[in-house]
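Visitor: One structure follows; several queries about it will come next.
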Amino acid sequence: ILLLFVLSTAYVSKYQLKQSKFHINKRLGSTKENELSTNNIAIAKDFLTNRFGLNKKELLDNKYIDSQSNYQQYDKSTYLTTYLKQQLSFYRAIPDYDLRFYDIQLDDLDESTVWYKLRPTGTFSGNLSYQGDVYLPNNKVVEFPLILGSVTIKDNKIIRSTSNYLADRLVGNTGGFIEAKGLLFSSDLKPSPFSYLPPLAVFKNLINIFRKPVSRVAVTSPLPEPVLFSLTKQLIASLFTSIDSSELLTDDFQATSPYIGPIDKKQFINEFKKLDIAKALPDFNYNPRNLHIDSYERDRVFAIIQSTGTFTNQLTNPLNNQVISEPNNKKLIGAPEAISFSFNKEGLCYKASYGYVLDRQAGNVNGLGGVDGILEGLGLGTNWLDSRPISEAFTLLSIAIKKLQTPTLPTSNPVSKIENKVVSKPVIKIDSKVVDKPVIPPVVKVD
């Protein structure tokens, strides 16, 4: 690792450094981009500044679809009415709510899609109306978890967005909960783990109940960007292969996924060594893209991965030589997932996050990520007791029933259609008063 550091700093040419710098500028909206790219980033920023388009509905195409992390999809009409009504109570409870959007970047494979991150914060200083009850404020400063979302743009209109997808549930002080549930968590109104975790995950986490998450914040990068990117690619390449990644991890290494963790070094390695995916799918590829250093944690590299491969060989568990399944030639198309690795100055990874799905509707994995997503995509299925919370299982059942009862909209993305018209001037009844065309205070970007 030391040799890699020396070579990277001593022999990377000026041209390569210049290209690397331009790559980062491109993600942040540099004037060196082509006109289309610059315009798409500007539209994405406008969308965020205006509360996800709720204050500026002309940004949204008439066929706009919003894909939520809870498997719900909203068309434009539903988004501007039902979703807006849900948000109003939350915004009144936290009037200084700041999205803190940052790291806005074009998708490496599709410049019509723009990715962004959020680290929302604010003070719980107003009454919160939620599910028929009113909760009093506690005046606490609330920091919500890290969110990674996207917008897709066509002809200067947003045709699709992904919302409320977590990229790290351990960021902040709300236990991984967003919006109203996050405020309730800050008031010590913590739900039962069985309400938001897969049943078996609740028991698995008991093993690590006394392990405290790593809390380091680096204001400067410990190593040059090319070195950090190279180390990240090595770690990604080692997953589900016989490559030994243990020497790249610190002894006190920790990792977290949406439901499990923090787990230790041995648990993390075994998680990815229990299936010989590389042998079962000779063309398996994580297809990593959009590598970048997080602007808040300068020692942390984020990437988007999206697994693909063809199940042509026997799938086994190398840890016990058990045969999991014979090949079925099924093609795996994963959903995009957020993955991250944090490094110290020696080039060793001390923290990782993985398995955070960024679009429930993408691929053939039924919204699952990590090991469960791969098994689902290969047609082998998963144990829902280990892969989904009970509430999520009921949500999927409800959506399936609605699809049978509701005609499909003329769009490539299935949605939960409630109304057929776009309401240009919504009237919503709140607290026995009629609010005509509610306006949500705009958010100001904090660098």
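The values are calculated or read from the model by the stated rules, or taken from the named source; none is laboratory data. As the structure is a prediction and not an experimental result, all values here were calculated from the model. Positions of Cβ are backbone-derived with ideal geometry, glycine not excepted, and every protein chain shown enters the neighbour counts.
Visitor: Go through (1) surrounded by fewer than 19 Cβ atoms within 10 Å (Cβ to Cβ); (2) farther than 26 Å from Asn205 by Cβ; (3) touching a strand residue (DSSP E or B) at 6+ places or on another chain (Cβ under 8 Å); (4) in contact (Cβ under 8 Å) with a residue 24 or more places away in the chain one by one and return the number of the condition Asn328 breaks.
Guide: (3)
Visitor: Being of a type in the set (Lys, Arg), modelled with pLDDT of 70 or more and in a strand (DSSP E or B): is that true of Lys351 here?
Guide: yes
Visitor: Six or more apart or on different chains, Cβ under 6 Å: which pairs go from a residue in the range 107-126 that's under 19 Å from Leu146 (Cβ atoms) to one that's basic (Lys, Arg)? Could you list them?
Guide: Every condition considered, the pairs that remain are Arg119/Arg100.
Visitor: Being under 26 Å from the mean Cα position of the chain (by Cα), surrounded by fewer than 17 Cβ atoms within 10 Å (Cβ to Cβ), at negative phi and of a type in the set (Val, Ile, Thr) is the requirement here; does Val134 meet it?
Guide: The answer is no for Val134.
Visitor: Got a sec? Which of Val141, Val151 is in the same structural domain as Gln86 (by TED's automatic domain parsing) and crowded, with 22+ Cβ neighbours inside 10 Å?
Guide: Val151
Visitor: Counting only residues that are of a type in the set (D, E, K, R) and farther than 30 Å from Pro199 by Cα, how many does the range 248-297 have?
Guide: 5
Visitor: Another question, if that's okay. Please go through the range 365-382 and pick out each residue that is of a type outside the set (A, V, I, L, M), assigned to a loop (DSSP other than H, G, I, E, B) and buried (at least 23 other Cβ atoms within 10 Å of the Cβ).
Guide: Hit for the range 365-382 is Gly369, nothing else.
Visitor: To continue, here is another question. Can you find a residue that is surrounded by 22 or more Cβ atoms within 10 Å (Cβ to Cβ) and either among the basic types (Lys, Arg) or touching a helix residue (DSSP H, G or I) at 6+ places or on another chain (Cβ under 7 Å) (or both) anywhere in the range 204-222?
Guide: No, the range 204-222 contains no residue that is surrounded by 22 or more Cβ atoms within 10 Å (Cβ to Cβ) and either among the basic types (Lys, Arg) or touching a helix residue (DSSP H, G or I) at 6+ places or on another chain (Cβ under 7 Å) (or both).
Visitor: Can you pull out every residue in the range 169-200 that is assigned to a loop (DSSP other than H, G, I, E, B), farther than 11 Å from Pro145 by Cβ and aromatic (Phe, Trp, Tyr)?
Guide: Tyr196
Visitor: If you don't mind, there's one more thing I want to ask. Residue check, Arg360 against (1) outside any loop (DSSP other than H, G, I, E, B); (2) under 15 Å from the mean Cα position of the chain (by Cα), all met but one. Which one?
Guide: Looking at each condition in turn, Arg360 falls short on (1).
Visitor: Mind checking which residues of the range 115-167 are of a type in the set (D, E, K, R) and either over 19 Å from Ser340 (Cα atoms) or assigned to a loop (DSSP other than H, G, I, E, B) (or both)?
Guide: Arg119, Asp133, Lys140, Glu143, Lys154, Asp155, Lys157, Arg160, listed by residue number.
Visitor: Six or more apart or on different chains, Cβ under 9 Å: which pairs go from a residue in the range 284-313 that's within 17 Å of Pro327 (Cα to Cα) to one that's of a type in the set (Val, Ile, Thr) and surrounded by 19 or more Cβ atoms within 10 Å (Cβ to Cβ)? Could you list them?
Guide: Phe284/Ile277; Phe284/Ile374; Gly309/Ile277; Gly309/Ile374
Visitor: Are any residues in the range 242-279 under 24 Å from Arg388 (Cα atoms) and assigned to a strand (DSSP E or B), and if so, which ones?
Guide: Selection gives Gln254, Ala255, Thr256, Ile263.
Visitor: Out of the range 113-131, which residues are closer than 20 Å to Tyr296 by Cβ and hydrophobic (A, V, I, L, M, F, W, C)?
Guide: Matches in the range 113-131: Val114, Trp115, Leu118.
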